[in-house]
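The next block holds one structure in the form of structure tokens; read it before the comments.
The numbers here are math on the coordinates, done by the rules we state, and not lab data. This one's a predicted model, so the numbers in the text were calculated from it and none came from an experiment. No Cβ is skipped: glycine too gets one built from the backbone with ideal geometry, and neighbour counts run over all protein chains shown.
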Amino acid sequence: MERVSEIIREKGASTALIIGVFVFWELFCLMAGISDILLPRPTQIIAALIQYWPAIWPHTWQTLYTTIVGFGIGVVIGLLLGILIGSSKLAYDTAYPLLVGFSSIPKVAVVPIFVLWYGAGTVPAILTAM
């Protein structure tokens, strides 16, 4: 029971901080007369999200789809490569330098190359999610 109250206290503190930041942001924008173009208030952002949700939803779904498919393919390929590399010393010695080299390349640096090769669309997004 003590652990439950500790978790509630921790989550409550985090939630209160987040709400406090948004309240401060809203009040600061109102009191300081900050332009909506420069820094829109949280309530305006939520209103715009609700207003434009029908236009946003298809893009949200597409992003979720490509992320899940890319993650799934990446898990399968990673698992198979991990089994192969882990079961053979020769495979490990061969693949390790490549894995280290490829892991040092930021994903955002590869995205333009994927777009040039495959065009703008689902394929580069899935490859990036892998």
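Tabulated results
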quantity	calculated
Count of residues meeting criterion [more than 30 Å from G121 (Cα to Cα), polar (S, T, N, Q) and surrounded by 10 or more Cβ atoms within 10 Å (Cβ to Cβ)] in the stretch 22-63	2
Hits in the stretch 91-129 (condition: exposed (fewer than 14 other Cβ atoms within 10 Å of the Cβ), touching a helix residue (DSSP H, G or I) at 6+ places or on another chain (Cβ under 9 Å) and of a type in the set (S, T, Y))	Y92, T94, Y96
Residue ranges of helices (runs of 4 or more DSSP H) in the stretch 47-130 with at least 1 members without any contact (Cβ under 8 Å) to a residue 24 or more places away in the chain and of a type in the set (S, T, N, Q)	89-103
Any chance I77 is surrounded by 11 or more Cβ atoms within 10 Å (Cβ to Cβ) and closer than 30 Å to G20 by Cα	no
